[in-house]
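Worksheet: the structure to be examined is printed underneath.
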Amino acid sequence: MGWRGILGFEYGIVQAPLGPDISGPELVAAVANAGGLGLLRAPDWESPDYLRELIRKTRTLTDKPFGVGVVLAFPHKENIKAILDEKVAVLQISWGECSQELLLEARRAGVKVVLQVGSFEEAKRAVDAGVDAIIVQGLEAGGHVIGQEGLIALLPRVVDLVGDQDIPVIAAGGIVDARGYVAGLALGAQGVCLGTRFVATSESYAHPTYKRKLIEADQTEYTNVFGRARWPGAPHRVLQTPFFNQWRSLPLHENEANQPVIGRSTIHGVEKEIRQFAGTVPNLTTTGDIESMALYAGEGVGLIEEILPAGEVVRGLVEGAQHLIHNKFSGA
Ligand SMILES: Cc1cc2nc3c(=O)[nH]c(=O)nc-3n(C[C@H](O)[C@H](O)[C@H](O)COP(=O)(O)O)c2cc1C
């Protein structure tokens, strides 16, 4: 049955790495303890010692395997070295190519490499490189969105491309419940990767106002309003808050660099000023005008009705999918 585990994990449920620091040890351990693949998020700067601490803290909360996500668009060599030294189960990478050198090093360390892609061409390069699994991100996804295509059309193409090679394909974008999970399986995926649903859990490091907005809101938009100076050319999907609706047509020459400071956050142990239009979502430490900050969310947000413990999200997906498959689609 397709809902069984991938990459040695009990289930095919992946909790996306949630930047900059929203998927911390508590969330990742809760997902791991429930049998899913939880992914920490490495800092966007070289900080291998801090990253080792994050990994070790997670290990105090679970004896199950887990992984770490690295955005290749930012400095990462030392961070990846720490991840491989620590021999976590999975290194998830995005926004870059997977080199042969990285794959060899990861293989030597016994770490599986999972690349998130947003196009058929990117998937083809990943398959040719020999990655261990591919996450296919559709345009519905929350956070930074690398491709331009909807999941329902892109995913089966990647599944066909992989064919009978042992490379699990994992669906991401707009999935929040068992129906989305079963839809992903029907399209040929072996697992699903959820971001927004896991932001709205008790263990996520998101600011309570951000979590509340995920429950209240149901409209998102694909935009490039936030974080243009720090990470140019990286469109994203955010909640349509009153602040966003006021500024959605922000002139292209404007960016966060010369804007007023609207708050402060400690991100991966470093204190930062948050300027208007900055691309960092508010975490538990953030002070200031939270509702005017970037609030990433996928198109499935309108289906999220309560903050749940992460383990319950995993169990709901698995049990719900089993129920749907047996009772609605078995043909018995
Ligand atoms: C708050 C937030 C932060 C994210 N940060 C990252 C990240 O650091 N690296 C990454 O590969 N994807 C990141 N994503 C995207 C996810 O990997 C995934 O593609 C997406 O969440 C799937 O869509 P969904 O949010 O509708 O479930 C982020 C998503 C959200 C909502």
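Quick note: the coordinates plus some simple rules give every number you see, no bench work behind them. The model shown is predicted, which means the values in this text are computed figures rather than measured ones. In this analysis, Cβ positions are derived from the backbone assuming ideal geometry, glycine residues included, and neighbour counts consider all displayed protein chains.
Each of ILE22, ILE6, ILE262 was scored by the projection of its Cα onto the charge dipole of the chain, and the greatest displacement toward the positive side belongs to ILE6; charges sit on the C-beta of Lys, Arg, Asp and Glu. If you take the square roots of the eigenvalues of the alpha-carbon gyration tensor of the range 208-301 and sort them as a ≥ b ≥ c, do you get rounded (a/c under 1.5), prolate (a/b over b/c) or oblate? Verdict is oblate for the range 208-301. Which of the three applies to the chain, rounded, prolate or oblate, going by the alpha-carbon gyration tensor with a ≥ b ≥ c and a/c under 1.5 meaning rounded? It comes out rounded by the Cα gyration axes.
In the chain, the DSSP beta bridges split such that about 35 percent are antiparallel, to the nearest 5.
For the pair the range 98-122 and the range 193-232, the centres of their Cα atoms are 27 angstrom apart. Only Lys, Arg, Asp and Glu carry charge here, each on its Cβ (+1 for the first two, -1 for the last two); on that basis the range 29-131 has a dipole of about 400 debye about its Cα centre. Pairs exceeding 26 Å between alpha-carbon atoms, taken from LYS211/LYS328; LYS77/LYS112; LYS64/LYS124; LYS213/LYS272; LYS57/LYS213: LYS211/LYS328; LYS64/LYS124; LYS57/LYS213.
Footprinting exposure proxy ranking of LEU185, LEU308, fewest other C-beta atoms within 10 angstrom first, gives LEU308, LEU185. Put in order of Cβ neighbour count within 10 Å, fewest first, the listed residues TYR181, TYR210, TYR205, TYR222 become TYR222, TYR205, TYR210, TYR181. Per-residue 3J(HN,Hα) values for the range 295-308, derived from phi via the Karplus relation 6.51 cos²θ - 1.76 cosθ + 1.60 with θ = phi - 60°, read 10, 5, 7, x, 5, x, 4, x, 8, 8, 10, 8, 7, 10 Hz in sequence order (x marks Gly and Pro).
Charging the Cβ of each Asp and Glu at -1 and of each Lys and Arg at +1, and nothing else, the dipole of the range 208-301 about its Cα centre rounds to 160 debye.
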